[in-house]
């Protein structure tokens, strides 16, 4: 599933194409995705000018001139592609198409149809059921060691499980949890309640740095993620631990022949990768 870095990459690609432009034609090629499209979806969006394109955690927020916000989620396999000029023929799973007054075409393709679009009044956005319980933006000022320490206090669950909670780290995903814990030199098995003070500050800084590096690399492309121009992201080439079982981690000082290098185990149904020597 696309996580915060992938969605932010898409947002940045859409910004110059949509911001300030009018959606002169909107086509919904089916009435539903993960959920039914909002009633009169096409009529409510078509003809509106886009004020800006924002993001909240893993959700795209396209603010329209009439105070509506188009909320988009990519789901498991959703992909947004931008075409300038004459676009190629529609693909089988191109479900929603937006055309702008500048001649750009934006297509939402979703093979598994786990993505969705919804409409919400801007003043009601914080109360939307998909957004109301989210923690602060990890790239914003509200996310820091003090926030993380307070959230993890009293939690007996492993810290990796805890930071996957969207109420704690909005936009976090499995890959980035493993990578962040490695940078913070914290074991994914460590009880969340023990990550306080300087440990929490270290982890908050690591999460921010991992997200920033992933965004700069265009996100992670393991299966479906593509940037809006169709290119792959390449953060997967910078993984320190994820998917690297048996290899040394960056800066490793342990004897891989003796320790087995990077290890993996299943935690809350998801694969976790870590260095047993460097992460405590």
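The values are calculated or read from the model by the stated rules, or taken from the named source; none is laboratory data. Since we're looking at a predicted model, the values are computed, not measured. Please note: Cβ atoms are built from the backbone with ideal geometry, for glycine as well, and neighbour counts cover all protein chains shown.
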Quiz item: What single numbered condition from (1) closer than 25 Å to residue 140 by Cα; (2) crowded, with 16+ Cβ neighbours inside 10 Å; (3) under 20 Å from the mean Cα position of the chain (by Cα) fails to hold for residue 213?
Solution: (2)
Exercise. Go through 271, 178, 187 for me and flag whichever is in contact with a strand residue (DSSP E or B) (Cβ under 9 Å, 6 or more places away or on another chain), touching a residue at least 60 places away in the same chain (Cβ under 8 Å) and part of a loop (DSSP other than H, G, I, E, B).
Key: 187
Self-check item: Subset of region 72-83 (residues that are at pLDDT 95 or above and either surrounded by fewer than 18 Cβ atoms within 10 Å (Cβ to Cβ) or outside any loop (DSSP other than H, G, I, E, B) (or both))
Solution: 72, 73, 79, 80, 81, 82, 83
Quiz prompt | Residue list for region 157-175, filter: touching a strand residue (DSSP E or B) at 6+ places or on another chain (Cβ under 7 Å) and surrounded by fewer than 23 Cβ atoms within 10 Å (Cβ to Cβ) | solution = 158, 161, 174
Quiz item: Taking region 32-54 only, how many residues are in a strand (DSSP E or B) and surrounded by 15 or more Cβ atoms within 10 Å (Cβ to Cβ)?
Solution: 4
Quiz item: So how many residues does region 30-49 have that are free of Cβ contacts under 8 Å to residues at least 40 places away in the same chain and touching a strand residue (DSSP E or B) at 6+ places or on another chain (Cβ under 8 Å)?
Solution: 5
Quiz item: Mind checking whether some residue in region 91-105 is closer than 30 Å to residue 210 by Cβ, part of a loop (DSSP other than H, G, I, E, B) and touching a residue at least 60 places away in the same chain (Cβ under 8 Å)?
Solution: no
Exercise. Would you confirm whether any residue within region 127-135 is within 18 Å of residue 184 (Cβ to Cβ), modelled with pLDDT of 95 or more and out of contact with any strand residue (DSSP E or B) (no Cβ under 6 Å at 6 or more places or on another chain)?
Key: yes
Quiz item: How many of the residues making up region 112-127 are surrounded by fewer than 16 Cβ atoms within 10 Å (Cβ to Cβ) and without any contact (Cβ under 8 Å) to a residue 60 or more places away in the chain?
Solution: 7
Quiz prompt | Boolean, residue 195 is touching a residue at least 24 places away in the same chain (Cβ under 8 Å), in contact with a strand residue (DSSP E or B) (Cβ under 9 Å, 6 or more places away or on another chain), surrounded by 16 or more Cβ atoms within 10 Å (Cβ to Cβ) and on the phi < 0 side of the Ramachandran plot | solution = no
Exercise. May I ask you to list the residues in region 223-244 that are in contact with a helix residue (DSSP H, G or I) (Cβ under 6 Å, 6 or more places away or on another chain), assigned to a loop (DSSP other than H, G, I, E, B) and under 23 Å from residue 160 (Cα atoms)?
Key: 240, 241, 242
